[in-house]
Amino acid sequence: MNFETMVFYGFAAILLFAGFRVITTRNPVHAALFLVLAFFTAAGIWLMLEAEFLAITLVLVYVGAVMVLFLFVVMMLDINLDRLREGFWDYLPLAAFVATMLVIEMAVVLGSRSFGLDIVPAPIQHAADYSNTKELGRLLYTDYVYPFELAAVVLLVAIVAAIALTMRRRKTSKYQDPAQQVNVKRADRVRLVSMAAAQPSSTKS
Amino acid sequence: MNLAFTDVLPLLPEIFLLAAVSLILLIDLFLGKEQRYITYILSLAALLGCGWLTFTTATGVTTYAMHGMFVDDLLSDTLKLMLYFVVAVVMVYSRSYIHARGMFQGEFFVLMLFATLGMMVMISASNFLTLYMGLELMSLSLYALVALRRDNAVATEAAMKYFVLGALASGMLLYGMSMIYGATGSLDLSRIATVLQAGVANNTVLVFGLVFIVAGLAFKLGVAPFHMWLPDVYHGAPTAVTLFIATATKLAAFAFVLRILAQGLQVMSVDWQQMMMIMAVLSMAIGNITAIAQTNFKRMLAYSTISHMGFLLLGLLAADINGYSAAMFYIVTYTLTGLGAFGMIMLLSRKGFEADNLDDLKGLNQRHPWYAFMMLIIMFSLAGVPPTVGFYAKLSVLQAVVNAGYIWLAVVAVMFSLIGAFYYLRIVRLMYFDKPVDNHRIRPEGDMAVLMSANGLAVLALGILPQPLMALCVYAIQRSL
């Protein structure tokens, strides 16, 4: 076993452990943190596959942005864990049966017998100055430009849907109109009133 | 690499629709509440423009564009033209319904057009990647449309179920696609077909992936045992959205299944035929028997949809030109009938009243004989009574199944259709022989009344003269597969 294989198995073991803990841990904040760990180790495995750009993006986008947001949501929402666990034992037999079947099937099919080196050739190792990012960029904007644009449309739909579902035009909401603020004159805000001078009241000591 | 104009020419309808939706989105921003009808008219105009572009650029020759990710053939042109028509009818039917419920917003039309764009992408996809992107574009718009009445608890719950199960189905589909990719080394459907033709070493991986793909497709089509979301979504969604999901998406789902199974994995038909047989029989059984117990009209139609999708699978599993064209004829006519059935619910409902219970149909004949007659035709067509189009559609599917050598399947299908006829005919009884519960006058708007009459009469006319449409379906399938 060479060093590379050892590193791979190390990452894989941590990834499996983290993934398992995400669904078994009782505290949702811990679950989110274990998910971060899973993303980190997955990024490590991608690095070993020479997919440097994807690995770094995974850490930047998922760990840096998505999971932080997720942690905020988890902390702000008051999740009732007891209600979530309701009916766990009722569903367990069927779920366990389906899960075991799937695991057995995957174990049988996805072994080295189907994806071993004699069937799928090993990828060619690239030179040290090979730019993964450049290749990805070239492919995205040439061969894969159609699905890439479609992904952009999907994001546009997400924006439209999010606004349509959450925006409430309440009559009571207060907002500022900058144009009006700039155009305001002194006379609009301050009213000068001329009053006759008055004697302070006699009760004052 | 240079992008020539001829490369994007087949995509012209898609590009036009995307530009039009973006423009409508912007224009809608500046419209007041009273001017909202401009959005509605622009949406219809966009569909009309798409129709014109698709019709004029149709060559009948199979053209690939965008590095083989997009295909423009006779099948896609035919289905797209039907899709525009169906979406336009959905919009006309929905107008007064959503107006009465405060949903007459720009987002409703924009999301509907985005979903239409997704369906167009699905219809003319020739790569797993574009198939999936089109599916997601459609599904995301649909989830939002179902949830659009966010203060309504039933609608929100339906949207949640739809979203979670839809995401699960997409996951299964992707997993299956990744397996097929692992075994064949390509995402391109025609390339996969060639690789499979030549023979692949590890057949187990292929079958493994196929199981996941078929399960994902079954989720999306709503066939048993993956049908649980369908009654809740149909029931909970605003009827205008239910109408959209029940009609337009079925056309796209048909194209989706046809592209994956018939164009990509035709060689493996022996494997997917068996899965489809089980699903078809289960769907027809569960759909038809459960529908009898329903008191809600929308729920009943949802279970009826499940049984009809089972029937559609029968046509597909014949796995030859006859079967595919019978299935295409079936889905097109089902869409037409579904438009009528759900449209009628909206025609009968009014502000603050949803005519979605079976009791609301009581005595319709006394209230308005003409619409009762239209409903009669539609129910007869769903049940498969001659001379409506539903009879001919069922007949052609059964012929294809018998020709493929599955006589027992045809017998089972006929049996369950007989059981199904019970609840369709119960509606007819309610309309003609019961006393009306509610005596509110039915006064639909002019364009809706005309369209509904045309819809009902078309169901009858196509039943008497099915040949032209059938010939079109056969021709489209022959030229494209």
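Derivation of every value follows stated rules applied to the coordinates shown; laboratory data play no part. From a predicted model like this one, the values you see are computed outputs, not experimental measurements. Heads up, the Cβs are rebuilt from the backbone with ideal geometry, glycines too, and the neighbour counts pull from every protein chain shown.
Global size of chain A: 30.3, 109 Å for Rg and Dmax (C-alpha atoms, Rg to one decimal, Dmax whole).
Rounded to a whole number of µm²/s, how large is the Stokes-Einstein D of chain B at 20 °C and 1.002 mPa s, given Rh as the Kirkwood radius over C-alpha pairs?
Details: Rh = 22.6 Å.
Rounded to a whole number, D works out at 95 µm²/s.
Inter-chain Cβ neighbour count for A:158-164, averaged per residue, equals 6 (cutoff 10 Å, partner chain atoms only). Over all distinct Cα-Cα pairs of region A:54-175, the Kirkwood formula returns a hydrodynamic radius of 21.2 Å.
Over region A:85-156, the alpha carbon radius of gyration divided by the compact-protein estimate 2.2 N^0.38 Å works out to 1.92. Evaluated with a Cβ-only charge set (Lys, Arg +1; Asp, Glu -1), region B:5-480 carries a dipole of roughly 960 debye about its Cα centre, given to the nearest 20.
Which whole-number percentage describes the relative contact order of chain B, with Cα contacts under 8 Å and a sequence gap of 6 or more? Kindly include the intermediate steps, with their values, before the conclusion.
Working: 757 pairs, mean separation 71.1, N = 481.
In percent, rounded to a whole number, it is 15.
Measuring max minus min along each principal axis, the C-alpha atoms of region B:136-228 give extents of 56, 25, 16 Å (largest first).
Based on C-alpha pairs under 8 angstrom that are at least 6 apart in sequence, chain A has a relative contact order of 13 percent. Rounded to the nearest 500, the helix-only mean residue ellipticity at 222 nm of the protein assembly as shown stands at -24000 deg cm²/dmol, with each DSSP H run of n ≥ 4 adding -39,500 (n - 2.57). Relative to one another, the C-alpha centroids of region A:87-123 and region A:47-75 are positioned 26 Å apart.
When the alpha-carbon atoms of region A:52-126 are used, the pair Rg, Dmax equals 20.5, 53 angstrom. The ellipsoid that matches the Cα gyration tensor of region B:185-292 has semi-axes, each √(5λ) in whole angstrom, of 31, 16, 10, with the longest given first. At each listed q (0.11, 0.18, 0.23 Å⁻¹), what is the log10 of I(q)/I(0) that the Debye formula gives for region B:237-333 modelled as equal alpha-carbon point scatterers? Results for region B:237-333 at q = 0.11, 0.18, 0.23 Å⁻¹ read -0.35, -0.85, -1.19. Of all alpha-carbon pairs in the protein assembly as shown, indicate the percentage at a distance above 41 angstrom. That tail contains 35 percent of the Cα-Cα pairs. The modelled label-to-label distance for the pair A:Leu165/A:Ala198, using points 7 Å beyond Cα in the direction of Cβ, is 6.0 nm.
Taking all pairs of different Cα atoms in region B:317-454, averaging 1/r and flipping that mean, what Kirkwood radius in angstroms comes out?
Values: mean 1/r = 0.0614 Å⁻¹.
About 16.3 Å for region B:317-454.
Measuring from centroid to centroid over Cα atoms, what is the spacing of region B:421-468 and region B:277-349 in Å? Region B:421-468 and region B:277-349 have Cα centres spaced 18 Å from each other. Based on the Stokes-Einstein relation at 20 °C and a viscosity of 1.002 mPa s, and on the Kirkwood radius from alpha carbon pairs, region A:35-89 is assigned a translational diffusion coefficient of 165 µm²/s. Once the convex hull of all Cα atoms in region B:51-180 is built, its volume per residue stands at 107 Å³. For chain A, the longest principal axis of the C-alpha atoms and the axis of helix A:67-76 are separated by about 60°.
Which of A:Ser201, A:His126, A:Ala65 sits closest to the plus end of the dipole of chain A, meaning its Cα is farthest towards the positive end, when Lys and Arg get +1 and Asp and Glu get -1 on the C-beta? Most positive-ward Cα: A:Ser201. Using a cut-off of 32 Å between Cα atoms, the listed pairs B:Lys362/B:Lys394; B:Lys80/B:Lys298; B:Lys250/B:Lys351; A:Lys134/B:Lys80; A:Lys174/B:Lys220 include A:Lys134/B:Lys80; A:Lys174/B:Lys220 as exceeding that distance.
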